[in-house]
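The values are calculated or read from the model by the stated rules, or taken from the named source; none is laboratory data. Bear in mind that the values here come from a model prediction, so they are computed numbers and not experimental data. We place every Cβ from the backbone using ideal geometry, glycine too, and count neighbours over all the protein chains shown.
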Amino acid sequence: MERRGLWPERSPWLRAAVDALPREDFAPDRLWRWDGHAYVPVDRAADPRRWADQVYGDPFEAAVTQVSGGLPTSSLSCTAVVVDMLDSLLLEPGERVLELGSGTGWNAALLAWRAGNGKVLSIEVDAGLAEQARSRLRAAGAAADVHVGDGARGRPGEGPFDRVIATYAVDEVPWAWVAGTRPGGRIVAPWGRLGHIALTVADDGQRAQGWFQGLAQFMPARGTAGPERTFAQVRGGEPVQDERVVARDLAPLRDSRHLLFALRVAVPDVRITTRTDQDGVNAWLHDGRSSWAALSAAGTGRTIAYQAGPRRLADEVEAAWDTWAQAGSPTVHDFGMTVTAGGQVVWANDPVTGPHWPATPASVPGGSSCGRPLP
């Protein structure tokens, strides 16, 4: 973290807290690693070196702590993103914090180190994980209360809280979180499984608004991820219904995380995969249901779009790409969100004059619980 310049200057307390509360104290004796085909167990007693590598191998890598149905369902989140989100929370000593998603208990322990004993209330939907988190918190001497419940409901009757933080991704920020936060309070949550948002509750309590803080991947709320359909499954035997030349370089579709974030906002249900071969950059798009497009590099700088289904996904992506470019190619940090009881919108550059998009769910099954945040 020090070598890569990842400790935030405005929150020096974070390094002291991480030093005082080692990750290994919150990691179970069995972790899971991806071997290229499936998640396989890594047991501390049997292979302590590999287990330690899972815990401390890279500040941008999560340590998977639970696998269900072949997919990761809980993790010890990566240090870089944990620190980035806690920095975004702007937590001060003595403030009351509501955490959604206790997991291993490490994040709650860090919160309690800063806020003080008895100031952190954490909610975990999995009763087994909740009990393990309580045990680890007790062993670490961190006084944070862990309750079993649905994080989407917040904690009615226990607020208002000064700070609210979620450790899992949501496509829609629950209004219960805003209603349970005091005016001027702050909410930090992963959104869209791509980045995290920091919202400040308005003085009248009728809305929360703020900017995206960084880009990383997060696990979704438990029970929201379904089986992912592949491009081949969506296409099936459907013949091409539309063919045209694509008059743009597809390299940004492969290289620009800022563009990919903008496309997540504008066309949230479109999955995009790219690959480069000797002819150039190729892209495959699908909506998980019945529409697909293949953008195939044909050499000499030419790309052909083939499309089928009720929607023309290549057209939608190019239109959203153009809107992003016309807005000045905003970075992820130039996007923000406004949440009211009636819904939420994402905007770019300015909450009043900038382009707006309804913040609709992506309906994309979950994947990694952590990722490499943008600088």
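The criterion of at least 1 residues that are in contact (Cβ under 8 Å) with a residue 60 or more places away in the chain is met by the following strands (runs of 3 or more DSSP E) wholly inside the stretch 274-357: 292-299, 302-308, 335-340, 343-348.
Looking across the stretch 114-130, the residues that are over 13 Å from Glu92 (Cβ atoms) and not aliphatic (A, V, I, L, M) come down to Asn117, Gly118, Ser122, Glu124, Asp126, Gly128. Can you say whether Ser88 is at pLDDT 95 or above, more than 24 Å from the chain's Cα centre (by Cα) and either of a type outside the set (A, V, I, L, M) or surrounded by fewer than 19 Cβ atoms within 10 Å (Cβ to Cβ) (or both), as far as the supplied structure shows? For Ser88, the condition - at pLDDT 95 or above, more than 24 Å from the chain's Cα centre (by Cα) and either of a type outside the set (A, V, I, L, M) or surrounded by fewer than 19 Cβ atoms within 10 Å (Cβ to Cβ) (or both) - is not met.
Just one of Ser68, Ser77 is modelled with pLDDT under 95 and buried (at least 22 other Cβ atoms within 10 Å of the Cβ); which is it? Within the list Ser68, Ser77, the selection yields Ser77. Do we have any residue at all in the stretch 172-192 that's acidic (Asp, Glu), crowded, with 17+ Cβ neighbours inside 10 Å and modelled with pLDDT of 90 or more? Checked against the condition, which is being acidic (Asp, Glu), crowded, with 17+ Cβ neighbours inside 10 Å and modelled with pLDDT of 90 or more, the stretch 172-192 yields no hits at all. Quickly run through the stretch 111-135 and pick out the residues that are under 16 Å from Ala221 (Cα atoms), among the aliphatic types (A, V, I, L, M) and surrounded by 19 or more Cβ atoms within 10 Å (Cβ to Cβ). Matches in the stretch 111-135: Ile123, Leu129, Ala130. Checking Gly184, Gly210, Gly195 one by one, the residue that is out of contact with any Cys (no Cβ under 9 Å at 6 or more places or on another chain), among the small types (Gly, Ala, Ser) and closer than 30 Å to Trp284 by Cβ is Gly195 and no other. Considering only the stretch 14-44, state which residues are of a type in the set (A, V, I, L, M, F, W, C), surrounded by 17 or more Cβ atoms within 10 Å (Cβ to Cβ) and part of a helix (DSSP H, G or I). Leu14, Ala17, Val18, Phe26, listed by residue number. Those helices (runs of 4 or more DSSP H) of the stretch 101-204 in which 3 or more residues are closer than 19 Å to Thr79 by Cβ occupy 106-115, 127-140.
Residues are listed down the side, and each one gets a yes or a no for (1) touching a residue at least 40 places away in the same chain (Cβ under 8 Å); (2) of a type in the set (D, E, K, R):
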residue: Phe26; (1), (2): yes, no
residue: Arg30; (1), (2): no, yes
residue: Val42; (1), (2): no, no
residue: Arg50; (1), (2): no, yes
residue: Gly57; (1), (2): no, no
residue: Glu61; (1), (2): yes, yes
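One residue alone among Arg229, Arg248, Arg244 is in contact (Cβ under 8 Å) with a residue 12 or more places away in the chain, part of a strand (DSSP E or B), over 25 Å from Ala80 (Cα atoms) and charged (D, E, K, R), and that residue is Arg244. Please specify each residue of the stretch 295-310 satisfying the condition of being buried (at least 20 other Cβ atoms within 10 Å of the Cβ) and over 13 Å from Asp277 (Cα atoms). Across the stretch 295-310, the qualifying residues are Ala305, Gln307, Ala308.
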